[in-house]
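Only one structure is covered here, and it is reproduced in the block below.
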Amino acid sequence: MANAVIELDGLEVRFGGQPILKKLDASLTGRSIGLLGPNGAGKSTLLNTLLGFHKPSSGTARVLGRDIRSQTREVRGLIGYMPENDAFIAGMSGVRFVRLMAELAGLPPGQALERAHEAFFYVGLGEVRYRALGTYSLGMKQAAKLAQAIAHGPRLLFLDEPTNGLDPPARVRMIQLIQEIRDRGELQLILSSHLLRDVEECCDQVLILKDGHIAAYCNLEEERRANHRFLELETRSASNGCFLEALEKLGCQTAQGAQGRIKLVLPDGIEVRRLYALAAEQNVQIRRLNCKRDSLEDIFLKAMESSGTRQEPRVTTAMGRGDRPEGLSYQ
Amino acid sequence: MAVYKKIYRPYDGVLTAPWKRFLVIPRYAFEDLHRSRFLTFFYIATFAYPLIAALIIYIEHNLDALKLLQVEGTARLIEIDAGFFMSFLGWQSMLALFLAAFIGPGQVSPDLANNALSLYLARPFSRAEYVLGKFSVLAILMSLMTWVPGLLLFVLEGYFEGGDWIAQHSRIASGLFLGGWTWIFLASLLALALSAWVKWRPAAGALMFGAFFVASAFGGVINVMLGTRWGDLLSMPNVIGTVWVRLFEGENSLSEGGVFFRLDRSAIIPVWACWASLLLLSCVCLYMLHRKIRGREVVR
């Protein structure tokens, strides 16, 4: 696929004979893609393999159309990488460190210095850019890592657990920065995290890994839109029986819960106001109406459950669960 | 562009040539080394011997000065021959070993300790370029101490003696260049390999000297216990001395090498064995670097 950010083509990575990534096949096309999975699922290994740190034992992958086996240098030239762990050069000032990294990416010294200053101001560390990196707090180190990842102007940003160890205000600031970068639309990003909230707030697509397999791949936006006709009602009346019958006659799928709660899927072509009319006819009060949608947590948990019983990945999109969107292929 | 612009913008300017990006590493390293007064002073002090040697060569060719020193006729103050240049290279190489022991351990170990390798190698910058960059830090500094001033002295002597002397003694020039590089290559690789494996810098520096002196003593013990001469292959001064003598004087060599790098004439070991031992040591160092210089270490 021409516009795929990442194409995984039977990618397998083994360490000491042990498969870590197991024949992954996918084509990721989103502007901001979340890599989700429990610890040890293979998220960081996938990023490191795409960067050329690990050699695939079979298969390959393409990053923005470049093969990671034969065009490693070109691939790295397109990527800005923010690693999971502390990574810096102690004793070096922040701005000098980012300048060094930009120069190694190919920027001339003058340009590298200018962009290092800009990157530091951009991530909010402008005032401390001349301080030694070793003296930075954890939040400042995370921001400095982001600065070095964007200073050379990459086309694709790999963020590996960017909010690791951050306190709530620092986390909010980091998420805002990532959203800002995403919304400017000048680079695409892959965010690896085990924190559902980070992915939900920053990504429009999510790839869920479990034990080296793809457990699910979904477009969060489409998923939300697809579920907007799933409703939860809280009703009050002498009996809901007649109301339920009327709903089913209308074509709704219903399920009755305790204390007048009803879950239903509204068929196409039926407006919500029709429910109120029906309730009035049946002398039923609708006290609350919620549009229920799958949260990322629901999607994640379902993926974990389904991959626990079978190897087939769960694909959720606007076309319906289990359908494969064009350009997506899985084992 | 003002530095206060708080926006992200992609870079669409020119890029530097990929082949010379490794030179970024020595440039930053030299800036750091220049901040250390001790190292700056030490490095300047290492040029004392070349200056004295240049002075000796000058005096050797200045009749007034020789008269003043009461050296007349065909007598010479010091013979300017292969031995003179080997001694020069020996002194300077020993100082280069000190330099490598001071700055070598600080090359790779801080990057490993702070996981910086993943940042270096996530760029269009290979492991080989990283090692080449770190190697060039040591190689440039050591070159300026050893074969570069050595060749300048050779040119100075040739200037005074004339073109015939240069033609007759061209082996000295090639010996200075190749002998100097042999030592630089070995000492730099050893310093980098130890720096990659020993994270405590003083210990890595001490191991540099250990490889030079303790291994010699160990080789001597092997010679005594087994009644052999092959233990000398562990003695770096002996091995390097043997190689230098061959490079400077050819097959019909008579001298015993330079200062600190002397061969044992009573139990001389073949030159091929010396080259083989140097090659083996280099391969071991390269393998050590190959194992450690990685974007991400896999813990099995």
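Across segment A:101-112, coupling constants 3J(HN,Hα) worked out from phi with the 6.51/-1.76/1.60 Karplus curve, θ = phi - 60°, read 5, 5, 5, 5, 7, x, 7, x, x, x, 5, 4 Hz, and Gly and Pro carry x. Mind checking which lysines have their Cα closer than 28 Å to the Cα of residue A:263? Skip sequence neighbours fewer than 8 apart in that chain. Cross-link targets: A:249, A:292, A:302. Under a 5 Å amide H cut-off, with hydrogens placed 1.01 Å from N, residue A:158 pairs with A:80, A:81, A:82, A:190 among residues at least 5 apart or on other chains. In sequence order, segment A:203-213 has phi-based couplings of 10, 9, 10, 9, 10, 9, 10, 8, 6, x, 9 Hz under the Karplus curve 6.51 cos²θ - 1.76 cosθ + 1.60, θ = phi - 60°, and Gly or Pro positions carry x. Simple point charges give the picture: +1 on the Cβ of Lys and Arg, -1 on the Cβ of Asp and Glu, and for chain A a dipole about the Cα centre of about 300 debye.
Show me the trypsin sites (Lys or Arg not before Pro) within segment B:134-207 that DSSP assigns to loop and that have at most 16 other Cβ atoms within 10 Å of their Cβ. Don't skip to the end; give the middle numbers.
On the way: sites: B:134, B:171, B:199; in loops: B:199.
Those that pass, being in a loop and sparsely packed, are B:199.
So which of B:20/B:292; B:199/B:292; B:20/B:134; A:22/A:145; A:43/A:210 end up more than 20 Å apart, counting from Cα to Cα?
As for pairs spanning more than 20 Å Cα to Cα, those are B:20/B:292; A:22/A:145.
Between residue A:305 and residue A:283, full extension at 0.36 nm per residue minus the direct alpha carbon distance yields a gain of 3.8 nm. Amide H contacts of residue A:132: none lie under 5 Å away among residues 5 or more positions distant or on a separate chain (H built 1.01 Å from N in the peptide plane; Pro and chain starts excluded).
Pick out, in residue order, every one of the chymotrypsin sites (Phe, Trp or Tyr not before Pro) in segment B:16-48 that is DSSP loop and has at most 16 other C-beta atoms within 10 Å; say none if there are none.
When the chymotrypsin sites (Phe, Trp or Tyr not before Pro) of segment B:16-48 are filtered for loop state and at most 16 Cβ neighbours within 10 Å, B:47 remain.
Here the label points at residue A:197 and residue B:64, each 7 Å from Cα along the C-beta direction, are separated by 8.7 nm in the simple model. Remark on residue B:116: its backbone amide H falls under 5 Å from those of A:88, a criterion applied only to residues 5 or more positions apart or on other chains, H modelled at 1.01 Å from N. With a/c under 1.5 counting as rounded, go ahead and sort segment A:229-291 into rounded, prolate or oblate using the C-alpha gyration tensor (a ≥ b ≥ c being the square roots of the eigenvalues; past the cut-off, prolate if a/b is larger than b/c, else oblate). Cα axes put segment A:229-291 in the rounded bin. Per residue of B:215-223, other chain Cβ atoms within 10 Å of the residue Cβ number 0 on average. Taking GluC sites (Glu not before Pro) across segment A:253-305, the ones in a DSSP loop with at most 13 further Cβ atoms lying within 10 angstrom of their Cβ are A:271. Coordinate range of the alpha-carbon atoms in chain B per principal axis, descending: 80, 58, 33 Å.
Can you give the average number of partner chain beta-carbon atoms within 10 Å of each beta-carbon in peptide B:108-121, as a whole number?
Numbers: counts 0, 0, 5, 4, 0, 2, 10, 6, 11, 2, 9, 13, 5, 7.
Average neighbour count from other chains, rounded to a whole number: 5.
One Cα centroid belongs to segment A:264-280, the other to segment B:156-215; the line between them spans 88 Å. A simple rule links phi to the HN-Hα coupling: the Karplus curve 6.51 cos²θ - 1.76 cosθ + 1.60 with θ = phi - 60°, which for segment A:247-254 gives 5, 5, 4, 6, x, 7, 8, 10 Hz, with x for Gly and Pro.
Averaged over its residues, how many other protein chain Cβ atoms are within 10 Å of peptide B:23-31's Cβ atoms? The partial results should precede the final answer.
Details: counts 1, 10, 3, 0, 3, 8, 0, 0, 1.
Per-residue shielding by partner chains comes out at 3.
Taking Cβ atoms as reference points and 15 Å as the exclusive limit, the residues near residue A:166 contribute a net charge of -2, counting Lys and Arg as +1 and Asp and Glu as -1.
Read-outs throughout are calculated quantities, based only on the coordinates presented, and are distinct from any laboratory measurement. Note that this is a predicted model, so its numbers are computed, not measured. Glycine gets a Cβ as well: all are built from the backbone with ideal geometry, and neighbour counts include every protein chain shown.
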